[in-house]
Amino acid sequence: MKKNAALTPFAKAQAAVLRAVTPLPTVRLPLEKAFGFVLRETIRADRPLPPFNRSAMDGYAVRYADLAKGVRRFRRAGTLEAGNAWRGKARPGECLKIMTGAPVPAGFDAVEQVEKSKTGGEYVELFTEAPERWQHIHRMGADCINGARLIAPGDPLTPGRVAVAASVGAASVTVTRAIRVAVIATGNELVDTAQEPAPYQIRDSNSRFLLARLAEIPWAATTFCGVIQDDPRALRRALAAAMKKNDVLIVTGGVSMGERDHVPGVLTECGVQNHLYKSAIRPGKPIWFGIKGKTAVFGLPGNPVSVAATFREFVLPALRKMAGFGVAVPPALRLPLMFPARKKHALREFRVGCYVDGGASVVPVPGYQGSGDFVSAARSDGLIVIPEEARELPAGTVVEFHPWNF
Ligand code: AMP
Ligand code: MG
């Protein structure tokens, strides 16, 4: 039997996780609380945008017909500021002083900027060279018509979309409710950051990493359930309690083949139905995933870079699907490798990499010592994907790059 035969290929493994999770219910949130959440309704324009012919400059509104005839000296008929309407009529040979954002009154169909004018008494001279109809006017409906679909279900409310929603009066929006995520670390060697470790102990860094990653996600409400010893009874108690109250449970450590790796056994005893154990990837091979009721449970390996990689490749897509994203798997970049890379095995490898050349290419982090080396990994911008079949990747090979920031 081939050495990696029991390992699920990455694509199948990720698909198995995504198949098992579904979008959570929706809530109605005030717009100011909804930033980053995923919209579950359609937001439409409630009027054309812009809603009126809007002056794009501080200057003078005139009739294009006058400019076209060669008229450059205009009688000033009034002034119009943003937030006001003008009741007068556009007459031949007349201009209206107008500010950016003010509605260009009917009859006027060109604006010249104040920089290209000279005033003298009640007259204004314009230095327009090649007049165009509608110049410096952002026309009504140019951006979208009334009723246009502006944001679709499955779109996250980015700052730009929050602005769009605000502009059409969506004071509250229907979004996927926050996902409750619990984090547990397990390992007899682990102590808390504030504690002095014995020579044979280490400080728990994985929970801090996961909590920080989750803190970046606006729609994740995270609870840290502490560091648990590699003791089946203690683990059972902690895992069962966390699963009761959360939509997602992330455990790190204790999933491999060591005598103290109790997580798969305990999760199975707790009634979690296993959908994935071990994938043909490096790092992160022993990943465990299952479902109990409506709770998704991830057992991530303890090595810090494995945690980062499996979070990015499995947990994040699952969270995004639960959050209602139209596209669950975060988009990948395709960038050339600046230095060559090689590997010996048939696994899909996720190697920590950095942008070089201002993001035009990527390199594997120099001096990286493997999946325990979170110091090197902390210098990385994301993961370089080295496909299963690849062995030698010459410099210049275009690779998939999965940035930490999605
Ligand atoms: P395990 O998957 O439990 O066999 O752990 C693999 C490696 O990751 C071991 O060297 C552990 O000491 C280390 N490790 C496990 N959990 C953590 C953690 N929470 N923080 C930092 N390192 C960890
Ligand atoms: Mg362990």
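The values are calculated or read from the model by the stated rules, or taken from the named source; none is laboratory data. What you are looking at is a predicted structure, and each value in this text was computed from that prediction instead of being measured. Counting neighbours? That spans all protein chains shown, and the Cβs are built from the backbone with ideal geometry, glycine included. Accessible surface is based on the protein model in full, side chains and every heavy atom, while ligands, DNA and RNA are left aside. Shrake-Rupley method; radii C 1.70, N 1.55, O 1.52, S 1.80 Å.
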Item to check | the chain, helix-only ellipticity at 222 nm - DSSP H runs n ≥ 4, -39,500 (n - 2.57), divided by all residues, nearest 500 | outcome: -5000 deg cm²/dmol
Item to check | Principal-axis tilt of helix 206-215 within the chain, Cα atoms, nearest 10 degrees | outcome: 20
Checklist entry - Within the chain, what percent of beta bridges assigned by DSSP are antiparallel, to the nearest 5? => result 65
Item to check | Hits among lysines - C-alpha to C-alpha of LYS244 under 17 Å, sequence gap 8 or more where chains match | outcome: LYS292, LYS294
Item to check | Three-way shape label, the stretch 54-138, alpha-carbon gyration tensor, a/c 1.5 | outcome: rounded
Checklist entry - In the stretch 258-354, what GluC sites (Glu not before Pro) fall in a loop by DSSP, with at most 16 other Cβ atoms inside 10 Å? => result GLU259
Checklist entry - Mind checking the angle between helix 10-20 and the chain's longest principal axis? C-alpha axes, 0 to 90 degrees, to the nearest 10. => result 80
Item to check | Gaussian network model of the chain, Cα within-10 Å springs - most flexible of ASP109, ASP247, ASP373 | outcome: ASP109
Next on the checklist: For a test of the definition: using alpha carbon positions, the gyration tensor, and the 1.5 limit on a/c, classify the stretch 122-210 as rounded, prolate or oblate.
Outcome noted: prolate
Checklist entry - GNM, the chain, Cα, under 10 Å: largest mean-square fluctuation among ARG177, ARG149, ARG348? => result ARG149
Checklist entry - Quick one: Cα centre-to-centre distance for the stretch 50-87 and the stretch 186-246, in angstrom? => result 65
Item to check | Gyration tensor verdict on the chain (Cα atoms; rounded if a/c is under 1.5, prolate if a/b is larger than b/c, oblate otherwise) | outcome: prolate
Item to check | Charge-dipole axis of the chain as Lys and Arg at +1 and Asp and Glu at -1 on Cβ define it, positive-most pick from LEU337, PHE127, VAL375 | outcome: PHE127
Checklist entry - If one computes the Cα centroid of the stretch 328-382 and of the stretch 104-164, what distance in Å separates the two points? => result 46
Next on the checklist: Explain nothing, just the number: dipole magnitude of the chain about its Cα centre with +1 on each Lys and Arg Cβ and -1 on each Asp and Glu Cβ, in debye rounded to the nearest 20.
Outcome noted: 1020
Checklist outcome for this item: Among GluC sites (Glu not before Pro) in the stretch 368-406, those in a DSSP loop whose Cβ has at most 13 other Cβ atoms within 10 Å are GLU389
Checklist outcome for this item: Convex hull around the C-alpha positions of the stretch 172-228: the volume in Å³ per residue is 75
Next on the checklist: Cut-off under 28 Å on the C-alpha distance; same-chain residues fewer than 8 positions from LYS344 excluded. Which lysines are left, in chain and number order?
Outcome noted: LYS2, LYS3, LYS12, LYS278, LYS285
Checklist entry - Want the number for ASP46 to ALA142: 0.36 nm per residue separation, take away the alpha-carbon distance, what's left? => result 33.1 nm
Checklist outcome for this item: the stretch 333-403: relative contact order from alpha carbon pairs under 8 Å, six or more residues apart, as a whole percent, is 48
Checklist outcome for this item: For the stretch 188-193, Karplus-derived ³J(HN,Hα) couplings (6.51, -1.76, 1.60; θ = phi - 60°; whole Hz; x for glycine and proline) come out as 5, 8, 8, 10, 6, 3
Checklist entry - In the stretch 333-403, what percent of the accessible surface is made up of carbon and sulfur (1.4 Å probe, ligands and nucleic acids excluded)? => result 59
Checklist outcome for this item: Rounded to whole Å², per residue accessible area for the chain with a 1.4 Å probe reads 49
Checklist entry - What angle do you read, to the nearest 10 degrees and between 0 and 90, between the alpha-carbon axis of helix 232-245 and the longest principal axis of the chain? => result 20
Checklist entry - Given a cut-off of under 8 Å on Cα pairs at least six residues apart, what relative contact order in percent is computed for the chain? => result 16
Checklist outcome for this item: The lysines whose Cα lies under 26 Å from the Cα of LYS116, excluding any fewer than 8 residues away in the same chain, are LYS69, LYS89, LYS97
Checklist entry - Among ALA242, ALA65, ALA16, which one moves the most in a GNM of the chain with springs linking Cα atoms closer than 10 Å? => result ALA65
Checklist entry - Which value, in debye to the nearest 20, describes the size of the charge dipole of the stretch 54-138 about its Cα centre when Lys and Arg Cβ atoms bear +1, Asp and Glu Cβ atoms bear -1, and nothing else is charged? => result 300
Next on the checklist: Taking 8 Å as the Cα distance limit and 6 or more residues as the minimum spacing, I'd like the relative contact order of the stretch 54-138 as a percentage.
Outcome noted: 42
